[in-house]
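Read through the structure below, which is laid out as structure tokens, and then see the notes.
Quick note: the coordinates plus some simple rules give every number you see, no bench work behind them. Note that the structure is a prediction, hence the values are computed from the model and not measured. No Cβ is skipped: glycine too gets one built from the backbone with ideal geometry, and neighbour counts run over all protein chains shown.
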Ligand code: NDP
């Protein structure tokens, strides 16, 4: 039997934990060779071992995606080592919730650099490769926070609305080819993401919002990414909004 992603190459950023790690496993399970990018190399090495034990192919590409030259090298290394690039999952991100009045502007900058600028540069670099082959998938992790703004979430909201807007603009630009663009918009997912929230009140607010809610697991989001990139060439799943059933 052939798997839907046999002979395809997928690159996942932020593959060292959470949604990115689950997505790398899921795409490897669907037959893709996967390049794993993030800063924590030890985590990427153990994920690569795991994928290879399951019979898959994985490449570790240690990368800080906020560095433009590293992003371009990440794409080049993937293409030269794995033979191409069919699926790019721009997943690396951070959520530093703080009210506007007391926010550290450096936290805003970090979210814009990582959640938006890195996505744009990686998409540009991937497009060079995909334009040549005439097809490919660019999957960007936006969020419910890319569609709905909340008090205390201004910088994160600004970054994720940015991702959704960038994705739609890019989709229109490449609609004369078989390059597809997809925004994934999860609600609460049980990952390390809230651990970096600098403001204690905001961290408590997240805990309160989660009371009585079974959050999504990273695998739940990974399955939806697999679904999107496994469609026939003429079908582009533009957006997927996925909330835990009991999230308001
Ligand atoms: P995690 O904190 O578990 O994962 C974040 C990943 O980003 C890590 O692998 C981290 O790896 C990587 N990363 C951070 N900074 C950099 C950097 N400078 N260069 C390269 N990689 C980096 O969180 P999630 O899995 O939850 O988040 C993944 C994405 O999903 C994010 O874009 C997030 O906004 C989005 N999302 C998450 C939701 C949730 O509720 N969890 C809901 C909606 C969207 P390392 O530190 O090793 O570099």
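At 25 °C and 0.890 mPa s, what whole-number value in µm²/s does Stokes-Einstein give for the translational diffusion of the stretch 1-131, with Rh from the Kirkwood sum over Cα pairs? Mind dumping the intermediate values first?
On the way: Rh = 15.1 Å.
It comes out at roughly 163 µm²/s.
Rounded to the nearest 0.05, what FRET efficiency do residue 131 and residue 69 give with R0 = 22 Å and r taken as the Cβ-Cβ distance? Could you check?
0.55
By how many nm would the segment from residue 151 to residue 209 grow when fully extended, if each residue of separation counts as 0.36 nm and the alpha-carbon distance is taken off?
Length difference between fully extended and current span is 19.6 nm.
Counting only Cα, what are the radius of gyration and maximum Cα-Cα distance Dmax of the stretch 141-248, in Å?
15.4, 47
Under Stokes-Einstein, with the Kirkwood radius over Cα pairs standing in for Rh, what whole-number D in µm²/s applies to the stretch 81-183 at 20 °C and 1.002 mPa s?
Reported coefficient: 150 µm²/s.
Give me the percent relative contact order of the stretch 33-140, please, defined on Cα pairs under 8 angstrom at least 6 residues apart.
Numbers: 126 pairs, mean separation 29.2, N = 108.
Relative contact order for the stretch 33-140 comes out at 27 percent.
So if I take the alpha carbon set of the chain, get Rg, then get Rh from the Kirkwood formula, what is the Rg over Rh ratio?
My calculation of the ratio gives 0.95.
Stretched out fully, how many nm does the piece from residue 54 to residue 241 gain, at 0.36 nm a residue minus the Cα gap? Write out the running numbers ahead of the final one.
Values: separation 187, 0.36 × 187 = 67.32 nm, distance 3.02 nm.
Here the answer is 64.3 nm.
May I ask for the angle, rounded to the nearest 10°, between helix 200-209 and the longest principal axis of the chain, with both axes built from Cα atoms and the value confined to 0 to 90°?
The two axes meet at around 70 degrees.
Using Cβ counts within 10 Å as a stand-in for footprinting exposure, how do 183, 123, 17 rank, fewest first?
The order, fewest Cβ neighbours first, is 17, 123, 183.
Using only the alpha carbons, work out the radius of gyration and Dmax of the stretch 68-140 in angstrom.
Over the stretch 68-140's Cα set, Rg and Dmax evaluate to 15.0, 49 Å.
What is the chain's relative contact order, in percent, from Cα pairs under 8 angstrom and six or more apart in sequence?
Once normalised by length, the contact order is 20 percent.
Mind ordering 35-44, 164-173 by average Cβ neighbours within 10 Å, highest first? Could the numbers behind the result be given before it?
Values: 35-44: 20.5, 164-173: 15.7.
Per-residue mean Cβ counts within 10 Å order the peptides as 35-44, 164-173.
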